[in-house]
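First the structure, in the form of structure tokens, and then the observations on it.
The values are calculated or read from the model by the stated rules, or taken from the named source; none is laboratory data. Since this is a predicted model, take the numbers as computed values, not measurements. So basically every Cβ, Gly included, is an ideal-geometry build from the backbone, and we count neighbours across all protein chains shown.
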Amino acid sequence: MSSDRELPSNAKAYSSDVYRQIDPVGFYGEYIRRQVRPDGRKLRAFRTVGVSDLLEGATGSGRSLGDNGTIIASVRLTAGETHVHCTVKAVPGYSDVTIPLSPGSDNSVSVSVELPKQVQSYIYDANGNSANFHFCVATLLETVLNCDEVIPTTQLRFAELLREEPGTASPNAVCEYLVRRRFGWKLEIDILCEEYDGNLLDTSVLAASFALRKATLPIVLLDLNDPVNPYRLLALDQGILEQASSGDAKVCLISIVLSWSAQALKLLRSNRRAIEKQLSVELSDDNMVGQLLALGGSSMHLSRPLQLLALPFTVTFLRFSDETYFVDPTSEEERLGASVSVYCLRGADGSSRFQPLNLMCCPGVTTDVYKCLQQAATDLIDCIANTEF
């Protein structure tokens with residue numbers, strides 16, 4: 001009687017799902033024999049990478065640069081169902097007080113990689129749960145980005161940038177103060193994996209590199225006339241420039257005595273030399289505000305580009321068998337073996353330096369195997385690194 005029953009239309013799919021659960025290696029083996037994966041990708045194909053600039057179109061006005069700093073870049077990167085959000089924050093500070101430093105505390109760049117609890121439980125490889133892998137990713141990025149061959153640290157320190165030439169007749173009070181206090185920036189890079197479907201290393205490194213490409217350092221103003229908070233640091237935003245050029249008689253946040261327009265002009269004039277040095281321009285007395293408005297364009301604040309001599313990239317391969325490696329593994333695929341990565345430092349001049357990166361202790365990666373992986377990684381990096389957003 002049962003043999004006469006018609007099978008449900010989804011019986012084959014149901015059987016395939018069961019097979020996938022009880023014997024994932026065998027299930028993948030059926031696909032790999034055809035040089036494809038269950039999601040339709042070739043073995044050496046990276047998922048489509050999408051990047052969005054979350055600060056595009058944002059506006060600001062006279063932002064006070066407190067101890068928490070200001071966000072200078074924010075991007076969201078997607079690779080399939082893996083979603084990563086990366087922010088870069090510029091934190092101002094003075095280093096004129098000499099105190100014993102703990103290891104790493106003098107770094108100009110800090111990196112954190114955060115995984116929500118629901119994400120941690122999905123990170124596995126053939127050796128078991130890898131919930132602490134994000135610490136390895138953060139350490140790797142922090143080590144790389146604190147190298148002067150990647151981000152020159154001199155651009156983050158104002159001592160040389162604002163120092164007056166010997167024999168200057170009238171030392172500028174703003175420049176003198178910032179140099180004496182050894183003012184500088186520290187960059188804090190925070191990476192949050194919002195959704196996880198494999199390949200935390202590559203997506204985190206990509207998100208950080210793309211965010212740094214968008215990062216610019218705010219032009220600093222020093223308010224010497226604030227009776228409540230003398231020597232208050234501000235970022236030179238479009239709001240200050242627009243109010244300085246408008247002539248509107250508004251009570252301002254900087255001083256309750258003068259109009260916003262008059263006080264903003266006074267603030268800009270007292271910081272003129274510091275602004276010139278930060279922007280590497282010469283401002284005229286008659287049209288200083290107009291020049292700065294033109295330099296700022298449509299940006300939320302006047303800034304100088306973050307100089308990048310190189311950027312890191314990684315391409316991760318899952319070792320399925322001695323002969324089979326496939327790129328950009330999903331969360332499901334990561335459980336089938338161990339991964340090995342190719343690390344690349346791509347210079348601004350187009351040069352590249354490669355080295356193997358075996359954070360997951362993947363066995364069997366010979367010199368010949370690595371050469372093949374490096375060639376595949378080179379082609380992928382050439383494509384992904386030029387993503388426009």
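Would you confirm, using the coordinates I've provided, whether residue 39 is part of a loop (DSSP other than H, G, I, E, B), modelled with pLDDT under 95 and over 30 Å from residue 158 (Cα atoms)?
yes
Checking the structure you have, find out if any residue of region 280-287 is in the same structural domain as residue 203 (by TED's automatic domain parsing) and among the β-branched types (Val, Ile, Thr). Full working, then the answer.
Just the residues of region 280-287 that are in the same structural domain as residue 203 (by TED's automatic domain parsing), to begin with: none.
Scanning region 280-287, I find no residue that is in the same structural domain as residue 203 (by TED's automatic domain parsing) and among the β-branched types (Val, Ile, Thr), so the answer is no.
Here are 265, 234, 178, 201: which of them is modelled with pLDDT of 80 or more, outside the structural domain of residue 65 (by TED's automatic domain parsing), under 28 Å from the mean Cα position of the chain (by Cα) and buried (at least 16 other Cβ atoms within 10 Å of the Cβ)?
Values: 265 fails: under 28 Å from the mean Cα position of the chain (by Cα); 178 fails: outside the structural domain of residue 65 (by TED's automatic domain parsing); 201 fails: outside the structural domain of residue 65 (by TED's automatic domain parsing).
After ruling out the rest, the residue left standing is 234.
Within region 219-230, the set of residues being closer than 17 Å to residue 268 by Cβ and either loosely packed, with under 14 Cβ neighbours inside 10 Å or out of contact with any Phe, Trp or Tyr (no Cβ under 8 Å at 6 or more places or on another chain) (or both) comprises 219, 221, 225, 226. Take the residues in region 138-165 that are part of a loop (DSSP other than H, G, I, E, B) and of a type in the set (D, E, K, R), then tell me which one is surrounded by the fewest Cβ atoms within 10 Å (Cβ to Cβ). Per the stated criteria, the residue is 165. Screening 126, 45, 73 for residues that are more than 21 Å from residue 208 (Cβ to Cβ) and modelled with pLDDT of 75 or more leaves exactly one candidate, 45.
Once region 361-378 is narrowed to residues that are closer than 14 Å to residue 314 by Cα and touching a residue at least 60 places away in the same chain (Cβ under 8 Å), the residue that is surrounded by the fewest Cβ atoms within 10 Å (Cβ to Cβ) is 376.
Tell me, please, whether a residue that is of a type outside the set (Phe, Trp, Tyr) and surrounded by 21 or more Cβ atoms within 10 Å (Cβ to Cβ) can be found in region 129-137. Yes, there is a match, as at least one residue in region 129-137 is of a type outside the set (Phe, Trp, Tyr) and surrounded by 21 or more Cβ atoms within 10 Å (Cβ to Cβ). Taking region 181-197 as the range and being in contact with a Phe, Trp or Tyr (Cβ under 9 Å, 6 or more places away or on another chain) and not hydroxyl-bearing (Ser, Thr, Tyr) as the test, the residues that pass are 181, 182, 183, 184, 185, 197.
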